[in-house]
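Remarks on the structure that follows.
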Amino acid sequence: MTKPIYILNGPNLNRLGTREPEIYGSKTLADIEAECRAATKLDIVFKQSNIEGEIVDHIQEAADKASAVLINPAAYTHTSVAIYDALKLLDVPIVEIHLSQPAKRESFRRRSYVAEAATGTISGFGANSYQLGLQAVLNLLKTSA
């Protein structure tokens with residue numbers, strides 16, 4: 001049995017669809033989850049938390065159970081050494097994803113702790129960033145098999 005792909009989501013992503021749709025689009029996180037599940041036959045574990053420690057717990061769980069991790073750490077991208085440290089525990093592909101393009105936003109968003117632990121980063125494609133990230137993970141898993 002193949003291990004699942006973990007898709008982890010940070011703070012305020014539970015408010016997608018209503019939160020700044022001009023930046024983040026009109027799709028909800030539930031819409032994005034459904035699209036990810038429809039895009040692969042592999043099992044997906046999809047989680048969201050507004051709490052940094054819970055995200056660390058999810059990453060630690062993924063260290064034991066996941067074949068790969070997609071992570072949209074949201075604002076924690078720019079602040080969390082704890083999430084960076086947890087990601088360093090993983091020995092699977094990690095793709096950092098963002099709906100918006102952080103490099104085109106406020107200067108404090110240009111620093112990503114997560115990028116330093118990730119295999120790669122996809123950003124700026126709205127909800128499609130998840131599909132692109134999932135495709136990247138599937139390709140990485142295929143080449144490592």
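Read-outs: derived from the displayed coordinates by stated rules, not from any lab. Bear in mind that the values here come from a model prediction, so they are computed numbers and not experimental data. Cβ atoms come from the backbone with ideal geometry, glycine included; neighbour counts cover every protein chain shown.
So what is the calculated 222 nm ellipticity per residue for the chain, using -39500 (n - 2.57) for each DSSP H run with n of 4 or more, over all residues, to the nearest 500 deg cm²/dmol?
Working: 5 runs with 53 residues, N = 145.
Per the formula, -11000 deg cm²/dmol.
Out of every Cα pair in the stretch 4-71, what percent are spaced more than 15 Å from each other?
54
Of Pro93, Thr77, Ser26, which is farthest on the positive side of the dipole of the chain, counting Cα position, with +1 on Lys and Arg Cβ, -1 on Asp and Glu Cβ, and the Cα centre as origin?
Ser26
In the neighborhood of Arg15, defined by Cβ-to-Cβ distances under 15 Å, what is the net charge if each Lys or Arg adds +1 and each Asp or Glu adds -1?
So the surrounding residues net to -2.
Based on other C-beta atoms within 10 Å, arrange Thr40, Thr18, Thr121 from fewest to most.
With the fewest neighbours first, Thr40, Thr18, Thr121 line up as Thr18, Thr40, Thr121.
By counting other Cβ atoms within 10 Å of each Cβ, how are Tyr76, Tyr84, Tyr6 ranked from fewest to most?
Fewest to most other Cβ atoms nearby, the residues stand as Tyr84, Tyr76, Tyr6.
Among the aspartates and glutamates, select those whose C-alpha is under 16 Å from the C-alpha of Lys142, and discard any that sit fewer than 8 residues away in the same chain.
Asp43, Asp91
How large is Rg/Rh for the stretch 23-137, to two decimals, with Cα atoms and a Kirkwood Rh? Don't skip to the end; give the middle numbers.
Working: Rg = 13.3 Å, Rh = 14.3 Å.
Computed over Cα atoms, the ratio is 0.93.
Just to be sure I understand the model, the point goes 7 Å from the Cα along the line to the Cβ. What's the resulting Asp64 to Gln101 distance in nm?
Between Asp64 and Gln101, the simple spin-label model gives 4.1 nm.
Among the lysines, which fall within straight-line cross-link reach of Lys47, defined as a Cα-Cα distance under 17 Å, with same-chain neighbours fewer than 8 residues apart omitted?
Lys3, Lys27, Lys65
At a 10 Å Cβ-Cβ cut-off, how would you order Ile83, Ile44, fewest neighbours first?
Listing Ile83, Ile44 from fewest to most nearby Cβ atoms yields Ile44, Ile83.
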